[in-house]
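See structure below.
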Amino acid sequence: MTDASLLEPDEPAPVTLDNQAGSSVFFLTCDHAGRAIPRRLGRLGLPEPETERHIAWDIGIGAVGRQISRLLDATVVLQSYSRLVIDCNRDPNVPSSIPEISETTEIPGNRDLGEAARSARFEAIFRPYHEGIAAALDRRAAAGRASVLVALHSFTPVFKGMARPWHVGVLYNRDPRFAHLLMELLKREEGLFVGDNEPYSVTDASDYTIPVHGERRGLHHVAIEIRQDLITDDKGQRTWGPMLARLLAQAYQQLVAAEALRPG
C-alpha cells in the first residue's frame, strides 16, 4: 500500500479500514482523518504548529467516525495523511488537490511541483485510499449487501476571518433524499443550528468521495460537516458520535419506509 519513491516502510499506510465485517448498511469515510506528512517531504516547509491546524486535517473527525462505527457496527475508512500533501476529497486534476495556499497560509513544499512529484503523491496516497474504498464497496455489492455512504468531515469555526455559525452541515448534490431526511432529524435536536449545504456543498470540482463512490454507484449518501470546536476533545466526540449514530439509523428507517411506498 506504499510507494517506495515517497513513503518509507515504517510510515503509516495511507488507508485504514476498520470493522470491515461490520453488519451495518452504513459505510463511513474520513478523507481528512490524519495529518501525517511523509518524511521525504520535509513537513512541506511548514512549522509544526501549522500542521496541527485545520488546514492540515479535519480535527476530531477520525474519533467521531470510530465512535459511529462502533455504535452502528459499521465499516469506517480513514485516510492517514494531511490534505496538504494531497487532498483525498478532490479530483487530482484540480489545482486545490495539492494546494499552494490553504486559507491564508502558503505551503512552500507545494510550490512549482513537477508532474513526477505530483504523481508520487497520487500513487502513494490518493490511489490506494480510493482503491481501498472501491474494493470494500465492491465486496459488499458482490455479497448482495446494500451500502449507504456517509462522508464525515469537520470545519473550522472561523475561516478567513468570517465566523461560521452552524454546528453541523448536511451536504449533497444530485441526490438529496437521504441528506434531507437526516437534516430534518438534526433540526429537531435542541439547540442545533444546522446548515443546508453549508458551509460547503458537494460538487464534482470540490469533492471526490461522494461523486465517485456515492453518485456514480447509485448509492444513497450524505456528507456531514461538524464544527471543529465541538469535537476537539473526548467529551465532544462522545456527544456527537452517539447522536449521529442514532440519527443516521432513524434516517435510514425513514428512507426504507418511504421507498416501500413508491409505486413500481
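A few points about this structure:
- Filtered residues of the range 201-245 (kept if touching a residue at least 60 places away in the same chain (Cβ under 8 Å) and over 23 Å from Arg83 (Cβ atoms)): Arg217, Leu219, His220, Asp234, Arg238, Pro242, Ala245
- A search for C-beta distances below 9 Å between a residue of the range 92-113 that is on the phi < 0 side of the Ramachandran plot and any residue that is part of a strand (DSSP E or B) and of a type in the set (Val, Ile, Thr), counting only pairs 6+ apart in sequence or on different chains, returns Ile107/Ile101; Asn110/Ile101.
- Test for Ala134: is it open to solvent by 20 Å² or more (accessible area, probe 1.4 Å), among the small types (Gly, Ala, Ser), at pLDDT 95 or above and not in a loop (DSSP other than H, G, I, E, B): yes
- Boolean, Gly45 is surrounded by 16 or more Cβ atoms within 10 Å (Cβ to Cβ), of a type in the set (Gly, Ala, Ser) and either on the phi < 0 side of the Ramachandran plot or in contact with a helix residue (DSSP H, G or I) (Cβ under 6 Å, 6 or more places away or on another chain) (or both): no
- Enumeration of residues in the range 53-99 that are assigned to a loop (DSSP other than H, G, I, E, B), of a type in the set (Gly, Ala, Ser) and open to solvent by 40 Å² or more (accessible area, probe 1.4 Å): none
- Val194 open to solvent by less than 20 Å² (accessible area, probe 1.4 Å) and either of a type in the set (A, V, I, L, M, F, W, C) or under 15 Å from the mean Cα position of the chain (by Cα) (or both): yes
- Every residue from the range 14-42 that is open to solvent by less than 50 Å² (accessible area, probe 1.4 Å), over 16 Å from Ile98 (Cα atoms), among the aliphatic types (A, V, I, L, M) and over 17 Å from the mean Cα position of the chain (by Cα): Val25
- Residue match in the range 137-160 (condition: aromatic (Phe, Trp, Tyr), open to solvent by 30 Å² or more (accessible area, probe 1.4 Å) and out of contact with any Gly (no Cβ under 6 Å at 6 or more places or on another chain)): yes
- Enumeration of residues in the range 187-213 that are over 23 Å from Val77 (Cβ atoms) and touching a strand residue (DSSP E or B) at 6+ places or on another chain (Cβ under 7 Å): Lys187, Leu192, Val194, Gly195, Asp196, Asn197, Glu198, Pro199
The values are calculated or read from the model by the stated rules, or taken from the named source; none is laboratory data. Predicted model, so just to flag it, every value in this text is computed and none were measured. No Cβ is skipped: glycine too gets one built from the backbone with ideal geometry, and neighbour counts run over all protein chains shown. Ligands, DNA and RNA are stripped out before the accessible areas are found, and what is left, the full protein with its side chains, is counted by its heavy atoms. Shrake-Rupley method; radii C 1.70, N 1.55, O 1.52, S 1.80 Å.
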